[in-house]
């Protein structure tokens, strides 16, 4: 696909949008992993809603964030 002249022309004119999208998705995923794995060391606030349970990684529950 990258060898197609129209693709090269579009990249020159508009930038490599699929590449930019993948990079941004990876950046957001890294940031979410960092935030979700951060242990604040503080007990949960009384009355604070608990986070919903997420399906285990690799589950075939259908749907999901990256389906």
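The values are calculated or read from the model by the stated rules, or taken from the named source; none is laboratory data. Remember, it's a predicted structure, so these values are computed and weren't measured experimentally. Here Cβ is always computed from backbone atoms with ideal geometry, including for glycine, and neighbour counts include all displayed protein chains.
With the checklist (1) surrounded by 10 or more Cβ atoms within 10 Å (Cβ to Cβ); (2) at pLDDT below 60 in hand, flag the one item residue 63 doesn't pass.
That leaves (1) as the condition not met.
Answer yes if at least one residue in segment 44-52 is surrounded by 10 or more Cβ atoms within 10 Å (Cβ to Cβ) and either touching a helix residue (DSSP H, G or I) at 6+ places or on another chain (Cβ under 8 Å) or modelled with pLDDT of 80 or more (or both), and no otherwise.
no
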